[in-house]
Amino acid sequence: MRAFDYEKAFSRNIGWVTEAEQARLRTSRVAIGGLGGVGGVHLLTLARLGIGRFTVAELDTFDIVNFNRQVGALVSTLGRPKIDVLSEMARDIDPEIDLRAFPAGIQDNTLDGFLDGVDVYVDGLDFFAFAARRATFAACERKGIPVVTAAPLGLGTALLVFGPGGMPFEDYFGFAGCADETEMALRFMVGLSPAMLHRGYVADMSRVRLAERMGPSCIAACQLCAGAAAIEVLKLLLKRRGVKLAPWASQFDGYRMRYAKTWRPWGYRNPLQRLMVFLARAQLARAAKKEKNET
């Protein structure tokens, strides 16, 4: 068995980054909350960039319903903790990785430890994990840690970056004072993708049930998310130009082969943003009514 050699393993990155920048990636720390659909592929993609330090949090185990989109979901891993499986996979790419694991997930009493020494946080939490997401984003804001979130919406990816100098997470999504989870899900979905490029080709709207925390997913979208997020992480870690902070957002829809970049000053309070939330709410209501009539 050949000995691992970091420089050789990631030598094909050189050209897109300099040797000095690759060395910087090796000493950078990225935190990832959640190792499911997007979180797991985020970790492996960033490990292949040669990032040498990670902090990861995940409390779930692999189930057969994860097979359609989660890179660590295999017959051989059924029932195993996702954090163990993905940690092993990352170390199989780079045995020298410094990986801190939080197997209880993101908790209030461990959040400071989870973000200790972190350069960039990548959001891999379940779409509906609003309490954990809000707590983590707020902590990152206090600590000045930039946040990259790439959501697999439709058959594409929606990308947002939060950080010093940009709009706060809570203000952008309009979560303050919102206690209804379904309404929060709507605001979150539209905030992630103000252009809503994924509207119009859902084959079965009855599968979109925000109140039941249910929606379709696809590995193609998760892979696109990982690529988009990794590039933003690369730019942030290497202090490259071109990072657009919220209220800028971007979305690429692979099914329609369309790309849109949006700017929503005032975030949720922007009249156009409120209109998009209204239209999304109406679409879901029509789908629910149609399903009820058919049954």
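Taken together, the values in this text are just the output of simple stated rules run on the coordinates, not laboratory data. Everything numeric in this text was worked out from a predicted model, so none of it was measured. Quick reminder, even Gly has a Cβ in these numbers, built from the backbone with ideal geometry, and neighbours come from all protein chains shown.
Counting every other Cβ atom within 10 Å of each residue's Cβ, Ser28, Ser193 order from fewest to most as Ser28, Ser193. Counting neighbouring Cβ atoms within 10 Å and putting the fewest first, the residues Arg53, Arg264, Arg258 line up as Arg258, Arg53, Arg264.
The mean sequence separation of alpha-carbon pairs under 8 Å and at least six residues apart, normalised by the residue count of the stretch 1-159, gives a relative contact order of 25 percent. Nearest 10 degrees, 0 to 90: what angle lies between the long axis of helix 39-48 and the longest principal axis of the chain (Cα atoms)? Between the helix axis and the principal axis of the chain, the angle is about 30 degrees. Here is how the number arises for the chain: DSSP H runs of 4 or more residues each give -39500 (n - 2.57), the sum is divided by the residue count, and the result at 222 nm is -11500 deg cm²/dmol. To the nearest 10 degrees, how steeply does helix 130-143 sit against the main Cα axis of the chain, on a 0 to 90 scale? Tilt relative to the chain: about 50 degrees.
Rounded to the nearest 20 debye, the dipole size of the chain about its Cα centre is 1120 debye, using +1 on the Cβ of Lys and Arg and -1 on the Cβ of Asp and Glu.
Among the listed pairs Lys8/Lys235; Lys143/Lys244; Lys8/Lys143; Lys143/Lys235; Lys143/Lys261; Lys82/Lys289, those whose Cα-Cα separation exceeds 26 Å are Lys8/Lys143; Lys143/Lys261; Lys82/Lys289. Rounded to the nearest 10 degrees, the angle from helix 181-192 to the longest Cα principal axis of the chain is 60 degrees.
Give, rounded to the nearest 20 debye, the magnitude of the charge dipole that the stretch 18-75 has about its Cα centre when Lys and Arg contribute +1 at Cβ and Asp and Glu contribute -1 at Cβ. Numbers along the way, then the final one.
Details: 6 positive and 5 negative charges, 45 e Å.
Roughly 220 debye, rounded to the nearest 20.
In percent, rounded to a whole number, the relative contact order of the chain is 18, using alpha-carbon pairs under 8 Å and six or more apart. Only beta bridges with both residues in the chain are counted; by DSSP, about 50 percent of them are antiparallel. Arranged from fewest to most other beta-carbon atoms within 10 Å of their beta carbon, Tyr259, Tyr268, Tyr6, Tyr172 become Tyr259, Tyr6, Tyr268, Tyr172.
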